[in-house]
Amino acid sequence: MSRSKTASLAAAAASLLVAFACAAAPAAPATTADGALVTSGGMTLYTLDKDSGGKSACNGPCATAWPPLAAAAGDAPQGPWSVITRDDGSRQWAYNGKPLYTYQKDAKAGDRTGDNFKDVWHVAKP
């Protein structure tokens, strides 16, 4: 094989490895905006003071008002992000051990109507 073909094949292989590594790298389940953790759609994330030990205390009607930030079956912990199993068997993202939720009364990205609700719900901070 000629040197130019070998170099071309090596360059193509390197490009594929870089593309695969980028595609395989897990993305964080949330980002930050204005000092708060938010979903990819910009909805504010919250924590609940009653949660402890990496377990959610928000189930049933509570989880309807405060939907958990769902983790897919293939999602895995990364850095400060972890995945907990809820009482119903579903999976939920947690940040620094605190389960994360959105709030059904937040109508649009950037809303923070759940902050300090009943003095137990708080905007999640990075």
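All of the numbers you see were taken from the coordinates with simple rules; none came from a lab. Quick caveat: nothing in here was measured; it's all calculated off a predicted structure. A quick note on method: Cβ atoms are made from the backbone with ideal geometry, for glycine too, and the neighbour counts reach across all protein chains shown.
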> Just how far, in whole angstrom, is the stretch 93-125 from the stretch 55-72 if you go by their alpha carbon centroids?
Replying inline: 11
> Local charge sum around Gly60 (other residues, Cβ-Cβ under 10 Å, Lys/Arg +1, Asp/Glu -1)?
Replying inline: -2
>> Just to be sure I follow the rule: in the stretch 28-123, considering lysines 8 or more places apart or on different chains, how many pairs have Cα atoms under 19 Å apart?
In response: 5
> Got a sec to turn the phi values of the stretch 57-71 into Karplus ³J(HN,Hα) couplings, 6.51 cos²θ - 1.76 cosθ + 1.60 with θ = phi - 60°, whole Hz, x for Gly and Pro?
Replying inline: 9, 9, 10, x, x, 4, 6, 6, 6, 10, x, x, 6, 5, 10
> From the backbone phi of the stretch 81-92, what are the Karplus-calculated ³J(HN,Hα) couplings (6.51 cos²θ - 1.76 cosθ + 1.60, θ = phi - 60°) in whole Hz, Gly and Pro given as x?
Replying inline: 8, 9, 10, 10, 9, 7, 4, 8, x, 6, 10, 9
> Once label points are set 7 Å from the Cα along Cα→Cβ at both Thr32 and Thr64, what is their separation, rounded to one decimal in nm?
Replying inline: 3.6
>> Taking amide H atoms as placed 1.01 Å from N in the peptide plane, list the residues 5 or more away in sequence, or in a different chain, whose amide H sits under 5 Å from that of Gly97.
In response: Ser82
> Once the other residues with Cβ under 11 Å from the Cβ of Thr85 are scored (Lys, Arg +1; Asp, Glu -1), what is the net sum?
Replying inline: +1
> Can you give the extra length, in nm with one decimal, that the chain gains between Ala57 and Ser90 once fully stretched, where that is 0.36 nm per residue apart less the Cα-Cα distance?
Replying inline: 10.5 nm
> Long-range amide H contacts for Thr32: which residues qualify at under 5 Å (H placed 1.01 Å from N, peptide plane, sequence gap of 5 or more or a different chain)?
Replying inline: Val38
> With θ set to phi - 60° and the Karplus curve 6.51 cos²θ - 1.76 cosθ + 1.60, what are the ³J(HN,Hα) couplings of the stretch 108-117 in order, to the nearest whole Hz, using x for Gly and Pro?
Replying inline: 8, 3, x, 5, 9, 5, x, 5, 6, 4
> How many nm is it between the label spots at Ala73 and Asn116, if each spot is 7 Å from the Cα in line with the beta carbon?
Replying inline: 4.4
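Lys and Arg at +1, Asp and Glu at -1: add these up for the other residues within a Cβ distance under 12 Å of Leu69 and post the number.
+2
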>> Restricting the calculation to Cα positions, tell me the Rg (one decimal) and the Dmax (whole number) of the stretch 28-123 in Å.
In response: 12.2, 34
